[in-house]
Amino acid sequence: MKDIKLYINQHKDRFVDELVELLKIPSISADVAYKNDVLKTADAVKIALEKAGCDNVEICETPGYPIVYGEKIIDKNLPTVLVYGHYDVQPADPIELWDSPPFEPIIKKTDKHPDGAIFARGACDDKGQMYMHVKALEFMTETNQLPCNVKFMIEGEEEVGSESLAWYVKRNQEKLANDVILISDTGMISNTQPSITTGLRGLSYVEIEITGPNRDLHSGLYGGAVANPINILTKMIASLHDENNHITIPGFYDNVEELSLDERAEMAKAPFSLDAYKKALDIEETYGEKGYTTNERNSIRPTLDVNGIWGGYTGEGAKTVIASKAYAKISMRLVPNQDWQEITKLFTKHFESIAPKSVTIKVTPHHGGQGYVTPTNNVGYKAANRAYTETFGVQAIPQRSGGSIPIVALFEDELKSKTILMGFGLDSDAIHSPNEHYGIFNYLKGIETIPLFYKYFTEMSL
Ligand code: BES
Ligand code: MN
Ligand code: MN
């Protein structure tokens, strides 16, 4: 495309400044205290889309946070790209582990980002990646090079399960009709080796409450004679994995898709250093399901992990008490063909069945979603690969990710189109963690690569 590098060079400071402004708004969807900020962010996205050249930009009300929609339809006979992203972010805590305040973005150099990275909650997930699409559109409209139709759909509940978006998509199939869905909300291998995410894991998230005696008890007077809910809970949780780190829930693996040895050999070709992986995390050894490599364990295999556990006395000093209740939050990452609602049922049934009579168990399902795999032999994948090859000088590698974007499977069901996941983040960008950041290089490279996707997708579709 003409002059894209020039355009980015001329406008890069403004591109960064605009993103910095967006990152200052704490759009934490999980916490109602931030409701006004989430809504304010939707407004900011609306204005940005208008400025970038979108028509019919609207704040679409839903039962929850609104969807920002905008479009640029240039010719009904040309293909249509639907861009999806999210303007909400994860909570920032534990806040004390941030080196700078999460909503006061600063730019710092890192080993992985010698050109600098923006540090802020949402920098990579997903404001920075979403905003690349807005700036890519600006470039294409400003220079009269938009090759096809485009629709934007940016939501504010991705980090809490996308319930309102599901509601919205089901009611707006025609309006959202498209030939391909384009998302930047994943990662790539490194700044010299782009990759295209070809799979996402599904998710089942449950919360457990276990009750023993009807009140907290003196651990001397009652200790040893009644069930301690924390002891029981930890024992039950420990039993969910066997000595090979297989999950013990009956039926859990029934529908798991087993990859062929050829497919696994293909996967193993992706550049990966186990030593660098261990070093980056300060661990002596990795840990996981027997018979699978690290990259397999975190992409093509399902998991069960405690995400939070609490109960009893956790304040200063010691208090001798047997708590009446104990709690845990558990996430199960699923692979294609595992149905998340079915897995939630299997979990609940199993967990209830292994509980001793001395306690009562309550399992509350939270959100969930199906996994996703996308083929590499379609126009969307090929166009994305061509775009990356042009901007990075090497072909992109297909890679299945361990993360989840549950709404992607629903897009396919409701809108009947494939999703292309062009992510520009790095695993080391610390999404969901303290000190989340996004490389300036990645941000600008995204803005440069996206218009080429439009170009090749249009050329190859016609
Ligand atoms: N953008 C992430 C998902 C992601 C990140 C996928 C990196 C692949 C690579 C998304 O915002 C996210 O955090 N999803 C949640 C699921 C959601 C239902 C809360 C997740 O994966 O935990
Ligand atoms: Mn995200
Ligand atoms: Mn996220």
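Here are the numbers:
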item: Subset of the range 406-462 (residues that are more than 22 Å from Thr391 (Cα to Cα), open to solvent by less than 20 Å² (accessible area, probe 1.4 Å) and polar (S, T, N, Q)); result: Ser417
item: Residue tally, condition touching an Asp or Glu at 6+ places or on another chain (Cβ under 8 Å) and among the small types (Gly, Ala, Ser), over the range 71-94; result: 1
item: Matching residues, the range 113-124, being open to solvent by less than 20 Å² (accessible area, probe 1.4 Å) and either part of a loop (DSSP other than H, G, I, E, B) or modelled with pLDDT under 95 (or both); result: His113, Gly116, Ala120, Arg121, Gly122
item: Residue count, the range 174-183 (criterion: more than 15 Å from ligand 1 (Cβ to nearest atom) and among the aliphatic types (A, V, I, L, M)); result: 3
item: Per-region count, the range 223-267, residues within 24 Å of Val335 (Cα to Cα) and open to solvent by 80 Å² or more (accessible area, probe 1.4 Å); result: 9
item: Residues (out of contact with any Gly (no Cβ under 7 Å at 6 or more places or on another chain) and open to solvent by 40 Å² or more (accessible area, probe 1.4 Å)) located in the range 296-311; result: Asp305, Val306, Asn307, Ile309, Trp310
item: Extreme residue, nearest to Glu158 (Cα to Cα), among residues of the range 406-428 that are away from ligand 3 (no atom under 16 Å from the Cβ) and assigned to a loop (DSSP other than H, G, I, E, B); result: Met422
item: Qualifying residue in the range 322-329 (condition: in contact with a helix residue (DSSP H, G or I) (Cβ under 8 Å, 6 or more places away or on another chain), under 23 Å from Asn245 (Cβ atoms) and hydrophobic (A, V, I, L, M, F, W, C)); result: yes
item: Residue check, Val150 touching a residue at least 40 places away in the same chain (Cβ under 8 Å), away from ligand 1 (no atom under 16 Å from the Cβ), in contact with a strand residue (DSSP E or B) (Cβ under 8 Å, 6 or more places away or on another chain) and open to solvent by less than 60 Å² (accessible area, probe 1.4 Å); result: yes
item: Members of the range 319-368 found to be in a loop (DSSP other than H, G, I, E, B), open to solvent by 50 Å² or more (accessible area, probe 1.4 Å) and more than 30 Å from Gly224 (Cβ to Cβ), listed by number; result: Asn337, Asp339
item: Residues that are polar (S, T, N, Q) and open to solvent by 40 Å² or more (accessible area, probe 1.4 Å), drawn from the range 172-197; result: Gln173, Thr192
item: Sole residue being surrounded by 20 or more Cβ atoms within 10 Å (Cβ to Cβ) and assigned by TED's automatic domain parsing to the domain that holds Gln129, chosen from Val169, Val160; result: Val169
item: Test result for Asp216, acidic (Asp, Glu) and either within 16 Å of ligand 1 (Cβ to nearest atom) or over 33 Å from the mean Cα position of the chain (by Cα) (or both); result: yes
item: Selected residue (only one of Lys109, Lys127 is touching a helix residue (DSSP H, G or I) at 6+ places or on another chain (Cβ under 6 Å), basic (Lys, Arg) and at pLDDT 95 or above); result: Lys127
item: Close pairs (6 angstrom Cβ cut-off, 6 or more residues apart or separate chains): away from ligand 1 (no atom under 14 Å from the Cβ) in the range 83-99, assigned to a strand (DSSP E or B) anywhere; result: Val83/Phe152; Val83/Leu182
item: Given (1) under 20 Å from the mean Cα position of the chain (by Cα); (2) more than 26 Å from Leu165 (Cα to Cα), index of the condition Gly369 fails; result: (2)
item: Some residue of the range 207-218 being under 24 Å from Gly423 (Cβ atoms), touching a Gly at 6+ places or on another chain (Cβ under 9 Å) and assigned to a strand (DSSP E or B); result: no
item: Test result for Ser433, within 15 Å of ligand 3 (Cβ to nearest atom) and either farther than 19 Å from Glu155 by Cα or in a helix (DSSP H, G or I) (or both); result: yes
item: Filtered residues of the range 252-281 (kept if more than 24 Å from the chain's Cα centre (by Cα) and in a loop (DSSP other than H, G, I, E, B)); result: Asp254, Ser260, Lys269
item: Residue in the range 354-365 that is farther than 30 Å from Tyr222 by Cβ and away from ligand 1 (no atom under 12 Å from the Cβ) present; result: yes
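Yes/no per residue for (1) more than 26 Å from Ile300 (Cβ to Cβ); (2) away from ligand 1 (no atom under 16 Å from the Cβ); (3) of a type in the set (D, E, K, R):
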| site | (1), (2), (3) |
| --- | --- |
| Glu155 | yes, no, yes |
| Val160 | yes, no, no |
| Asn172 | yes, yes, no |
| Asp185 | no, no, yes |
| Pro194 | no, no, no |
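Condition check ((1) outside any loop (DSSP other than H, G, I, E, B); (2) more than 16 Å from ligand 2 (Cβ to nearest atom); (3) buried (at least 20 other Cβ atoms within 10 Å of the Cβ); (4) free of Cβ contacts under 8 Å to residues at least 40 places away in the same chain) across all residues:
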residue: Tyr69; (1), (2), (3), (4): yes, yes, yes, no
residue: Val81; (1), (2), (3), (4): yes, yes, yes, no
residue: Asp111; (1), (2), (3), (4): no, yes, no, yes
residue: Lys127; (1), (2), (3), (4): yes, no, yes, no
residue: Tyr131; (1), (2), (3), (4): yes, no, yes, no
residue: Lys135; (1), (2), (3), (4): yes, yes, yes, no
residue: Thr141; (1), (2), (3), (4): yes, yes, no, no
residue: Leu146; (1), (2), (3), (4): no, yes, yes, no
residue: Leu165; (1), (2), (3), (4): yes, no, yes, no
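The values are calculated or read from the model by the stated rules, or taken from the named source; none is laboratory data. Bear in mind that the values here come from a model prediction, so they are computed numbers and not experimental data. Neighbour counts are summed over all protein chains in view; Cβ atoms, including those assigned to glycine, are modelled from backbone coordinates with ideal geometry. Accessible surface is based on the protein model in full, side chains and every heavy atom, while ligands, DNA and RNA are left aside. Shrake-Rupley method; radii C 1.70, N 1.55, O 1.52, S 1.80 Å.
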